[in-house]
Amino acid sequence: MVMPLFMLVFVEILQCGLYIFCYAAVEKATADASRAVMLGALTQGASTANGFRETVFCTKLIAGLSCDRIITSLQTTTLTGSGGGFAAFINPEETGLVPVVMDKDRTPYCPGAPGTYGYIQVFYPVPVFSFLWLGLNLGTDSTFGKVSYARAAIAFRNEPFTTRNVQVPC
């Protein structure tokens with residue numbers, strides 16, 4: 001009688017632990033990667049979104065998390081002129097952020113120039129296997145099966161660096 005309840009609680013603890021572990025790992029890697037962008041310390045390998053993900057972001061990711069599953073979105077704007085400021089990242093109804101396409105090959109990528117403002121979002125699909133999470137529909141269908149996305153986001157201002165190692169038309 002007690003064993004099924006114990007197993008249910010054990011599986012829920014594993015599910016929550018996996019989600020928190022993935023969230024913390026993605027949050028740390030996002031902070032480190034945004035620092036590289038902010039300082040203008042990107043290498044030529046980061047001239048594309050896939051290159052950024054593989055040469056900058058995934059090198060900062062904890063072992064055990066698959067780089068193939070990471071979805072990154074890096075956008076920049078200015079607060080004056082035609083940039084639109086941070087309003088460029090908000091939907092027209094002003095009820096939330098503009099959604100990111102959950103396809104790593106179609107996400108925006110623009111590291112910006114010195115003094116521009118950047119916004120990086122990173123998503124990692126955490127597998128959902130617990131009965132409670134599945135029953136409450138806390139997962140999303142994706143190419144990886146039923147997942148719950150661990151999300152990290154950071155807004156920053158690029159430093160006034162004098163040289164750009166990578167030229168990306170934005």
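Quick look at the values:
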{"quantity": "Condition check for Thr143: polar (S, T, N, Q), at pLDDT 85 or above and more than 19 Å from Ala31 (Cα to Cα)", "calculated": "no"}
{"quantity": "Output for the stretch 94-141, where each listed residue is more than 16 Å from the chain's Cα centre (by Cα) and hydroxyl-bearing (Ser, Thr, Tyr)", "calculated": "Thr95, Thr116, Tyr117, Ser130, Thr140"}
{"quantity": "Some residue of the stretch 35-46 being at pLDDT below 95, out of contact with any helix residue (DSSP H, G or I) (no Cβ under 9 Å at 6 or more places or on another chain) and under 21 Å from Ala63 (Cβ atoms)", "calculated": "yes"}
{"quantity": "Single residue of the stretch 3-51 satisfying the filter (of a type in the set (Ser, Thr, Tyr) and under 19 Å from Lys104 (Cα atoms)) that is nearest to the chain's Cα centre (by Cα)", "calculated": "Thr30"}
{"quantity": "Residue within the stretch 52-64 that is over 15 Å from the mean Cα position of the chain (by Cα) and exposed (fewer than 15 other Cβ atoms within 10 Å of the Cβ) present", "calculated": "yes"}
{"quantity": "Count - residues of the stretch 143-158 that are more than 30 Å from Arg35 (Cα to Cα) and buried (at least 16 other Cβ atoms within 10 Å of the Cβ)", "calculated": "1"}
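The values are calculated or read from the model by the stated rules, or taken from the named source; none is laboratory data. All figures in this text were calculated on a predicted structure; none of them were measured in a lab. All Cβ positions, even for glycine, are placed from backbone atoms using ideal geometry, and neighbour counts span all protein chains on display.
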